[in-house]
Amino acid sequence: MAARRRLKRVASSQPGFLSFKSPSDTTASVGSRRKRVNKNKKKNWNKYSDVNDVDEFLEDIRHQERTTGGLLSEKTDDSLFFLDLGQPEKPQPQAETPQADEGKKRRGKASRPLRIDLILQPDSLVPPPKDILAYQQPNAKKLRRIAQKAEQLAAKGVVPRKQKRLLNRRPVDKTVKKAVTEANNNPDRDYYDIWGQEPKVSADPWYLQQTGKKLVKRPEKLNEKPSVLPAVEVIAPGGSYNPDFFSHQALLQEAHQVEVQKKKQEDKLERQLAINKEDKATEETNLREQVEGLVEEEEEEENNDEESAPSKEDEEAALAAIAVTQKKTEKQIKKEKAEKLKEQQRLTSRRQTEQQQQLFQLRSIKASIRQQEEKTKSKQMQRRAKQEAQKVQPRRLGKLKFQAPDLDVQLSDELAGSLRQLKPEGSILKDRFKSFQKRNLIEPRERAKFKRKLKVKYVEKRAFKEIT
């Protein structure tokens, strides 16, 4: 930027430089005496420096560049002046048909630009600055490094992984013709059910797999229901409004068993939490606790004294350890090797004899195998039966266990003779909610307890005071 300004100043100092603006009046500046200021200090540079002439000069140069595209001193005479020879004579137009004249007028009007377009066009002759961002490429350094590495590998004869995968692709069989769509009126075509479960796929499975359009096979386990219980369970015959005597008594017995079981659990909990009177502390037990540990400490001290005395067994073990640490002779080493070899031979011969004896035990072996298979089958059957029984029972889906609802039973004196006198019992909403829990569709839940976090503030208003 500084070099450009210097060039412009040199150009303006030339005798042929022309300025668009009139030079400022210098008589006033000569007449007025300029204040003497020390320019060595930085604070006086901008305060007492007159740069108006420099600003006017630069503005004049910018104005010339906008209007003429450069400095007037650098322009040639042909670009600045022209020779006026008067209005050129137009050739006389030939006689044409009125239709041709209208067509020319229309074409001429259409070729002229609109006035609004001319106003919006840029009028500066200064070329726009070079857009550096247009020449920049994102990750250019990284791409250049990748290209250089690829050239080095190609020179060494190494094939890139991407190209290797393309080469290893299955070649396309061009001899196989594409399936031609059959006409709708062909009676021999395959029947296609538009409401079928599985869509008809005619494309190549390898192509579908590579393009990601191959449908995922649905697991068989997703088709299984979480429970084999029906959605609506029919109540026992004893729950009717006018039941049979025996069926009603059977239902009452079932409800009685449920209540007995609940009572047993409550009694068991009370027994476990009950306090035994014999376990209460007395003066004798307190004294025993205070004296506890005094007699045992004396006995432990006597035992420690006895143990501290060296025993004969310890001395013998020490002597044996010393003997082991002594270096063995060559004769002892050979003897140990021979004994070890004899022991191995004895074990192998014993194993061979046992295998030969097993030939005579084939019947007993077959019988034991048969018993083992029967035992395995019985265990499998028990496991299957247990699994089938678990399908009927509700599973543990949350932290709470499933609590079976109470049976809706009416006593003998509460039975009604007709539907008109029947009293409604239970709730359909609760029944459906429990059914969902029993069929493992939702986990057992409890009603959320409302807990007020902030205290209620009571305010007595003025209007209330006036009334009371």
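See the values below:
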{"quantity": "Calculated on alpha-carbon atoms, Rg and Dmax of segment 373-468 in Å", "calculated": "26.5, 96"}
{"quantity": "Paramagnetic reach from A236 (point 7 Å along Cα→Cβ, amide N under 13 Å) across segment 402-433", "calculated": "407-411"}
{"quantity": "Among 438-446, 121-129, the order from most to least packed when residues are scored by Cβ within 10 Å on average", "calculated": "438-446, 121-129"}
{"quantity": "Estimated FRET transfer efficiency when R0 is 56 angstrom, pair E354-A281 (beta carbons, to 0.05)", "calculated": "0.25"}
{"quantity": "Estimated FRET transfer efficiency when R0 is 30 angstrom, pair D50-K75 (beta carbons, to 0.05)", "calculated": "0.45"}
{"quantity": "Packing-based order for 424-437, 371-384, using average beta carbon neighbours within 10 Å, highest first", "calculated": "424-437, 371-384"}
{"quantity": "Efficiency of FRET between K214 and Y458 - r from beta-carbon atoms, R0 41 angstrom, step 0.05", "calculated": "0.05"}
{"quantity": "Ratio Rg/Rh, restricted to segment 326-381 and using Cα atoms, in which Rh is the Kirkwood radius", "calculated": "1.45"}
{"quantity": "Derived scalar couplings ³J(HN,Hα) [segment 418-431; Karplus, 6.51 cos²θ - 1.76 cosθ + 1.60; whole Hz; x for Gly, Pro]", "calculated": "9, 5, 5, 8, 6, 8, x, 9, x, 9, 5, 5, 5, 5"}
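Each reported figure results from applying straightforward, stated rules to the coordinates on display, with no laboratory input. Just so you know, these numbers come straight off a predicted model, no measurement behind them. Every residue, glycine as well, gets a Cβ built from its backbone with ideal geometry; the counts of neighbours run over all protein chains shown.
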